[in-house]
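Before any comments, here is the structure.
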Amino acid sequence: MRRALLGLLLLAVPAAAEIAPGERRSGFDQMTPELRAMQTDEAANPGQLWVGDGEEAWAAAPPTGRPACAGCHGAVATMRGVAARYPAWDEAAARPVDLQGRINLCRTRHQGADPLPFESRPLLALTAAVAAQSRGLPVAPPADPRLDPARAEGERLFTRRTGQLDLACAQCHDALWGRRLGASTIPQGHPNGYPLYRLEWQDLGSLQRRLRNCLTGMRAEPYPFGAPEYLALELHLMRRAQGLAIEAPAVRP
Amino acid sequence: MARTLINLPKTAKAGAVIEIKTLISHPMETGYRPGPEGRLVPRDIITEFVCRFEGEEVFRAELFPATSANPYLTFTTLAERSGTFTFTWTGDNGFSQTESAALTVT
């Protein structure tokens, strides 16, 4: 049903222009008042359970005998602003890294520990605790020219048609946002709330998990977790969301 | 131990109605969902929540497989005197967790 509707809806959609800065809306704005209340009330937002776990992990020394995150960085509050400017360039690796990638680099480089697996609770918890410090700050992608090639690749991936349904991200998120797809309202597709608690997942998940959902919906093969395509897409999405407030951990349907 | 978040005022005037909000980390696995190998994942839910004030029950809820993961429960009670609330979640596989929070009535 959903797919048939989709086909009808999207065959005729022209390639859309990018959303103007003044028209940028967080997915938050399209949610019901009940869901918005669930996100903004810290006592009701289930993402806070992960933030709590992450704050505890932030202070705990790893078994390697190296310092805890707090040992080098101080209180987790010192991370305010960081999530708003990721992904960022990493000198040593000579590539862009996202926030969870940065956390894993700290584990391997500075703590002599193994990287935490993608979508594992400990990685999501640390990422949520770090990202939550930036709540309310505007998305502010760095003007670092070394990020430009990956950002351009992200834009290409966002606007090109792919998958068995021959759809592009931009068709839904630039051209048809605000319209409905089955029971869902199509959002502009901004990355400002991640990691976030999705009711459909009954769980907290990363932006990559969200993008995998959209790719599966397009009947395209999702990239494996950690693939450079996600980094490129995230760089493009963050630039496209510049100025929106960070909401992590947000709540979405 | 599951992480919990309990929210209530630290102080209240005698006779005031106070709101208590609780969240607990729990998968609330329904028992009806097939796992990766096709077999049903065994049920693992919280079945009961009780809030007591100084040992006296003030709120009780039964939970069922249709309850969402990480259940959020909110309720109100009357602040009559200072004391301690306890919050107990019990469930499948011997799950049992108790947390407490103090209230000062002025």
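The values are calculated or read from the model by the stated rules, or taken from the named source; none is laboratory data. Predicted model only: the values in this text are computed from it and were never measured. All Cβ positions, even for glycine, are placed from backbone atoms using ideal geometry, and neighbour counts span all protein chains on display. Keep in mind that these areas ignore ligands, DNA and RNA; they rest on the heavy atoms of the full protein, side chains included. Shrake-Rupley method; radii C 1.70, N 1.55, O 1.52, S 1.80 Å.
Key figures for this structure:
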item: Residue satisfying all of: in the range A:69-81; more than 15 Å from A:LEU116 (Cα to Cα) and open to solvent by less than 70 Å² (accessible area, probe 1.4 Å); farthest from the other protein chains (Cβ to nearest Cβ) among these; result: A:GLY81
item: Near pairs, Cβ below 8 angstrom, 6+ apart or cross-chain, from the range A:30-41 (within 13 Å of chain B (Cβ to nearest Cβ)) to any residue that is open to solvent by 80 Å² or more (accessible area, probe 1.4 Å) and part of a loop (DSSP other than H, G, I, E, B); result: A:LEU35/A:PRO253
item: Where a residue in the range A:102-119 is among the basic types (Lys, Arg) and its partner, wherever it lies, is outside any helix (DSSP H, G or I) and open to solvent by 50 Å² or more (accessible area, probe 1.4 Å), with Cβ under 9 Å and at least six apart; result: A:ARG107/A:ASP114; A:ARG107/A:PRO115; A:ARG109/A:ALA92
item: All positions within the range B:15-28 that are more than 10 Å from chain A (Cβ to nearest Cβ) and open to solvent by less than 80 Å² (accessible area, probe 1.4 Å); result: B:GLY15, B:ALA16, B:ILE18
item: Leading residue by the ranking (surrounded by the fewest Cβ atoms within 10 Å (Cβ to Cβ)) among those in the range A:34-68 that are hydrophobic (A, V, I, L, M, F, W, C) and over 28 Å from A:ARG109 (Cα atoms); result: A:ALA37
item: Flag for B:ARG52 being more than 14 Å from chain A (Cβ to nearest Cβ), at pLDDT 95 or above, within 30 Å of B:THR104 (Cβ to Cβ) and open to solvent by 20 Å² or more (accessible area, probe 1.4 Å); result: yes
item: Selection status of A:ALA248, closer than 16 Å to A:VAL139 by Cα and part of a loop (DSSP other than H, G, I, E, B); result: yes
item: Filter result (touching a Leu at 6+ places or on another chain (Cβ under 6 Å) and either acidic (Asp, Glu) or part of a helix (DSSP H, G or I) (or both)) within the range A:165-199; result: A:GLN171
item: Check on B:VAL41, within 14 Å of another protein chain (Cβ to nearest Cβ), over 17 Å from the mean Cα position of the chain (by Cα) and either open to solvent by 20 Å² or more (accessible area, probe 1.4 Å) or more than 22 Å from A:PRO46 (Cα to Cα) (or both); result: yes
item: Top-ranked residue of the range A:94-110 - restricted to ones that are open to solvent by less than 40 Å² (accessible area, probe 1.4 Å) and not in a helix (DSSP H, G or I), ranked as farthest from A:TYR194 (Cα to Cα); result: A:PRO96
item: Count of residues meeting criterion [surrounded by 14 or more Cβ atoms within 10 Å (Cβ to Cβ), more than 11 Å from chain A (Cβ to nearest Cβ), small (Gly, Ala, Ser) and touching a residue at least 24 places away in the same chain (Cβ under 8 Å)] in the range B:63-84; result: 2
